[in-house]
Amino acid sequence: MKYPLITLKEGRDRTARAGHPWIFSGAIEPAKSELGAAGVVDVQDAAGVFLCRGLFSPSSMMAVRALTARQDEMVNGEFYERRIKTALALREQLFPVKHTNAYRLINSEGDFLPGLVVDRYADILVVQISTAGMESQREKIVAALTRVVAPAGIYERSDMGARREEKLGDQVGVLFGEVPDQVEILENGARFMVDVKNGQKTGFYLDQKENRRRLAELTKGKRVLNCFSYTGGFSVAAALAGAAQVTSVDSSRPALELAEGNFKMNGLDPEQHEFIVADMFEFLEDMKNGQKKWDVIVLDPPAFVKSRQDITGGLKAYTQINELAMRCLTPGGILATFSCSHHVGLDAFSNMVHIAASRANRAMQILETRFAAADHPVSVHFPEGHYLKGYIMKAGE
Ligand code: SAH
């Protein structure tokens, strides 16, 4: 089969040749390209040398996202089955199913399937398609997932902002089998209910699983404040590890209701812990001069920087919330602070934490730098994939 051909302008092939999966629309020579509808295309340089085969998005700044640099590889059902099998084998290697049956099965560019995220919650899959190119492959993807994973149901949650840039509307609903409203999962031996239909993103923040496990090890006998707790991922992990008391704060009431349920599911008494619906900035502002301090604080805010234009304002918000959290720590307390904004790199994050600590007038030691769990692999050719970063820090005595 021959795919439509896209030709790059003279001198615009350097990044693609080096393996970066994105080709910007400005790098394409329209006069020499067979541009058509969204779908599979071949990309060649100005001299006619093959560069990659990828998915074309007609309305996007990112015109092509590469799937393969092998000319002879057909992009058919078997191609997707091979990619999904490889991804599944990696997750099965990473997580013993007895302890963890929820993970990101496909991490877009990180699994060489740009525009596609698939999260697995026990026997249910939740699919997110973010590009017009990948949208054109939906049927093949669903068929391949069904064959390789044999799930009980597949649900689509393609309702994220990124689709606007591709001129795509939302796509939400059952793609295969039967999907209950909520699915019970196991993560590091803890049970959680995931609201796959109405929860945030695909229902659960799987990227934090290793950080929840690591942090929990530091919480025995401690008083823990989980800021931006969502459904209590860090909270349950800490309580199961023997935290004396856990306070979960989030602005979302439904998330906190699920959090309480998640405590019960793990045999923990929610009455001994706190669940507070509040704006995090206001909550910490109220607490910063008070008597109440916490031994461990988790700070996992939503992305404050969603685009390049937000960087200044977003960094201000990160600095403010980190300063407030540091003020609420006991002497020697632990702060686990994160940013999931991919426009905020590790350098900017590190600088932000330094400013927050000097404003809070706290000596802080960085104990560990943390990233997303290994079911969120990052291609070396696509460093943009490193969106989540965090520090576990200790405050001075
Ligand atoms: N740590 C969580 C994920 C946090 S996602 C986990 O492990 O599952 C970010 C959370 O911040 C969401 O639950 C969202 O409802 C909440 N949120 C966003 N803005 C907020 C604000 N201003 N105050 C309090 N919570 C907020």
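The values are calculated or read from the model by the stated rules, or taken from the named source; none is laboratory data. Predicted, not measured: the structure shown is a model, and the values here were computed from it. Note: ideal-geometry Cβ built from the backbone for every residue, glycine included; neighbour counts use all protein chains shown.
Data table
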| read-out | value |
| --- | --- |
| Hey, I84 over 23 Å from the mean Cα position of the chain (by Cα) and either farther than 19 Å from K167 by Cβ or not polar (S, T, N, Q) (or both) or not | no |
| Any hit, segment 131-146, residues being in contact with a helix residue (DSSP H, G or I) (Cβ under 9 Å, 6 or more places away or on another chain), within 20 Å of A69 (Cα to Cα) and without any contact (Cβ under 8 Å) to a residue 40 or more places away in the chain | no |
| Hits in segment 147-175 - residues which are among the hydrophobic types (A, V, I, L, M, F, W, C), touching a residue at least 40 places away in the same chain (Cβ under 8 Å) and touching a strand residue (DSSP E or B) at 6+ places or on another chain (Cβ under 6 Å) | L175 |
| Filter result for the condition that a residue is within 23 Å of P383 (Cβ to Cβ) and not assigned by TED's automatic domain parsing to the domain that holds T131, over S25, S33 | S25 |
| Elements of type strands (runs of 3 or more DSSP E) contained in segment 143-209, each with 1 or more residues being within 16 Å of the ligand (Cβ to nearest atom) and under 21 Å from the mean Cα position of the chain (by Cα) | 153-158, 182-187, 190-195 |
| Residue check for E109: at pLDDT below 95 and either of a type in the set (F, W, Y) or touching a Ser or Thr at 6+ places or on another chain (Cβ under 7 Å) (or both) | no |
| Considering residues of segment 132-149 that are small (G, A, S) and within 23 Å of L35 (Cα to Cα) only, the residue surrounded by the fewest Cβ atoms within 10 Å (Cβ to Cβ) | S136 |
| Count - residues of segment 343-393 that are among the charged types (D, E, K, R) and surrounded by fewer than 18 Cβ atoms within 10 Å (Cβ to Cβ) | 4 |
